[in-house]
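The values are calculated or read from the model by the stated rules, or taken from the named source; none is laboratory data. Remember, predicted model here, so these are calculated numbers, not experimental data. Don't worry about glycine lacking a Cβ; one is built from the backbone with ideal geometry, like all the others, and counts go over all protein chains shown. In case anyone asks, the SASA skips ligands and DNA or RNA and just uses the protein heavy atoms, side chains included. Shrake-Rupley method; radii C 1.70, N 1.55, O 1.52, S 1.80 Å.
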Amino acid sequence: RFRHKNSRPFIEFDQNPKRPGKDDVLVELELKKGCLDTCESCGEVTITQEESAETIVPDYCPDIARIIETDGKIFLHSREVRDGKGEVTGAVRVTVLYTPDGESGIRTLEFAIPFTVETEGKSLPDCTVLCADTDAEYLETRMLNPRKVFTHCKLVTRFSGYRRAPLCFCTDVEAPKELCIEKRQETQHTSVISQILEKDFTFNDEFNLSPGKEGAAEILTSRVGCAVTEAKIIGNKLVFKGVFSIQLLYRTPSGACVSAGGELPFSQIMEVGEDSEGMIPTIQLQFTGADFQINNGADADGRKISVVLYIHATAFLRTDRDLTLLCDLYSTAYSMSYEMQPIQLTTLAENMARRQTVREVLEIGVVAESILALSAACSAVTVSREGNLATLRTGVTIRALYLDEGGVPLVAERSIDVSCPMELPADSAVTARATCPESPQGSISAGGIEVRFPVDFQMTATSGKKKVCLQAAKIASDTPKDLSKAPSLVLRCVGTDETLWDLAKKYNTTISGILTANALEDDASVPAGRLLLIPKKRA
C-alpha cells in the first residue's frame, strides 16, 4: 500500500497486535525502585506588622535633652509550625543615643520590644522545617518628655517552609528472557536538598581594644555581622568556619566617644547522617541574642570586652546525582499494560556569591570634625529577569554618627540601591540574600562623609523539568500476541522528532534488529527522512 506522509513517500504494512482483553490474565512485573530523601519548599509568606512602645527612662539615667539616633537589633527566639501555620517570636533590642540635659557627651537608653508574628490559615502545608527572617523597615523614637520616649517600628517577616518529599522512581525491570521485554532507560541529573539541619550555639570570646585607643567606661552601641568562609562534610560531621565582625561605640572615662572594630574567628561542628559524604552544604546564621560587657576584672583599664553571641545555624545539604529512569516498556511476544507517573527533577542548582563594592558620599551640609560610627544595613533582595540576565537588587541604609565643628553629635542617613547582574538560565528560579559582612570605612571629604563598604549577594538558582517514568507494569504472559498477519518487513521514513525506539515499539521489533538490517552503528546517526528497513522480530 503506497501513500504519502509528511510530503515524503513511504511503504507501510499496517498491523494490529492484540491488546490485553478482559479475559487475559495479567501478571505484575517486578520493577526495581529507587528513592531519594528530599526536602522541598512548601510555601513562602511575607508578613508586615507594626509595633510600638512607651518607655520610661530609668532613674540612674539623666534626663533626655535631645535624641540623636535610634538603632535596633532583631533577635528571633522561637520558630514553630502547627497544622500548616507558622509562628515566630522575638524582640527588637532598641538602643537610643541622646544628649543628656545639663550634661555634656552622649548617653544611651536600651530596652526591648517583644513581638509575635503568625501566618494566616494553612499557608505552609505539611511543613516540617520553618525558616524565618525579620527586618525593621522603619524604626523611630521620639521624646514625649525628658523621662519618657515613644518608639514605633515596622517589621517585615519572611517565612519559608520545607517538607519531606521522597523522590521515588523505577530504574529497571526484572523479567525472564522468554517474555521478550524491551526497555528504554534514561539517565537524568538531579540536584536535591537531602537534609536540613538546625543547631543553636553560643559563642564566647574576648575583644581587645587596640593599644592606641583609650579604655572603655561604658558601651554605647554595638553591631555585629557574620560571614561563613568555609563549610565541608568530613565523615558524619559538618564543619563550618567564619568570622564575626564587631563594631563598638563606647564612652571613655574622660567622657570622649570612641569607636572600635575588629574580627573574631569561629568554627562549629554539626552532626550529619552517615550517608552525607559528598553532599554540598550551605550555611545560614541568625543571631538570637548578643551581649557585650567591659571586663574590668581582667583589665582595670577597660581594654578587654567580653563578647557573648547566641546563634541559630541552619544547614542545607544538597545532593547531586545521576538517576536511571525506566521510561518505557513493551514486549514483542505478549501484550502489556502499564501505569506512568510524572516526577519533577531539579536539573540545575547553583550556589553563587558576588561582592559589590559601594562608595557613597553622605552630604551633611556642615563641617564634620570627626566620625564616631558608621553602619550599613541591607534589606530584602528583589530579582528582575531579562532573558539570561538576572539582576539582584537590595536597598542599603547608610548611617553616619559624627561630631560637627562645635562638637555636637549629629546623624546623617541615606538609602541607596545596590544591584548585581548575573548570567543565569532563563528558566531558573532565583532566591537571594544580601549582607554587609564588614564594618564600613569612612573619611571626611569636602562634600561630606565618604563611606566605603562591601555588599555580598548570596544566590541560589534552580531549574527543573518534568519527566515521565513507569510506575507499574503487567503482562499477559499466558496469551501470546497473534502476529500471523504481520508483514515480514516494513519500509519506513523516519519522521521529525521520531526515534528508533518509537519505530521499534510501533512495529513490534527491536532497536538492535533495525540497526542490523540497515547496517547502522547506533540510533544517534539516523536523521529525519531516512528510509529504513524495519524487519519482523523473530522468536
Condition check for residue 241: among the charged types (D, E, K, R), open to solvent by 70 Å² or more (accessible area, probe 1.4 Å) and closer than 28 Å to residue 304 by Cα: yes
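Among the residues of segment 267-283, which ones are crowded, with 16+ Cβ neighbours inside 10 Å and under 26 Å from residue 435 (Cβ atoms)?
As a first pass, look at segment 267-283 and keep what is crowded, with 16+ Cβ neighbours inside 10 Å: 268, 270, 272, 276, 279-283.
Selection gives 268, 270, 272, 279, 280, 281, 282, 283.
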Identity of the residue in segment 442-455, out of contact with any Asp or Glu (no Cβ under 9 Å at 6 or more places or on another chain) and in a strand (DSSP E or B), that ends up nearest to residue 373 (Cα to Cα): 445
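Let's see how each residue does on (1) open to solvent by 70 Å² or more (accessible area, probe 1.4 Å); (2) touching a Phe, Trp or Tyr at 6+ places or on another chain (Cβ under 9 Å):
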position	(1), (2)
337	no, no
348	no, no
354	yes, yes
359	yes, yes
372	no, yes
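Filter segment 501-517 for residues that are closer than 15 Å to residue 483 by Cβ and without any contact (Cβ under 8 Å) to a residue 40 or more places away in the chain; which is surrounded by the fewest Cβ atoms within 10 Å (Cβ to Cβ)? Walk me through it before giving the result.
Initial filter on segment 501-517 (closer than 15 Å to residue 483 by Cβ): 504-510, 513.
Pick out the ones that are also without any contact (Cβ under 8 Å) to a residue 40 or more places away in the chain and you get 506, 513.
On the way: 506: 16, 513: 19.
That would be 506.
Tell me, which residue of segment 384-405 that is of a type in the set (Gly, Ala, Ser) and modelled with pLDDT of 90 or more is most open to solvent (accessible area, probe 1.4 Å)?
Going residue by residue through segment 384-405, those that are of a type in the set (Gly, Ala, Ser) are 384, 387, 390, 395, 400.
Of the ones still in play, those that are also modelled with pLDDT of 90 or more are 384, 390, 395, 400.
Details: 384: 47, 390: 1, 395: 22, 400: 0 Å².
Here the answer is 384.
Can residue 417 be described as more than 28 Å from residue 161 (Cβ to Cβ), touching a Gly at 6+ places or on another chain (Cβ under 9 Å) and free of Cβ contacts under 8 Å to residues at least 60 places away in the same chain? Talk me through it step by step, then tell me what you get.
Details: more than 28 Å from residue 161 (Cβ to Cβ): yes; touching a Gly at 6+ places or on another chain (Cβ under 9 Å): yes; free of Cβ contacts under 8 Å to residues at least 60 places away in the same chain: yes.
The answer is yes for residue 417.
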Whichever residue in segment 518-539 is closer than 23 Å to residue 178 by Cβ and open to solvent by 70 Å² or more (accessible area, probe 1.4 Å) and, among such residues, is modelled with the lowest pLDDT: 539
Unmet criterion (only one of (1) touching a helix residue (DSSP H, G or I) at 6+ places or on another chain (Cβ under 6 Å); (2) not in a strand (DSSP E or B)) for residue 184: (2)
Conditions (1) farther than 29 Å from residue 350 by Cα; (2) in contact with an Asp or Glu (Cβ under 6 Å, 6 or more places away or on another chain): number failed by residue 461: (1)
Hey, residue 110 open to solvent by 50 Å² or more (accessible area, probe 1.4 Å), closer than 30 Å to residue 166 by Cα and touching a residue at least 12 places away in the same chain (Cβ under 8 Å) or not: no
Extreme residue, modelled with the lowest pLDDT, among residues of segment 82-107 that are touching a Ser or Thr at 6+ places or on another chain (Cβ under 6 Å) and open to solvent by 10 Å² or more (accessible area, probe 1.4 Å): 85
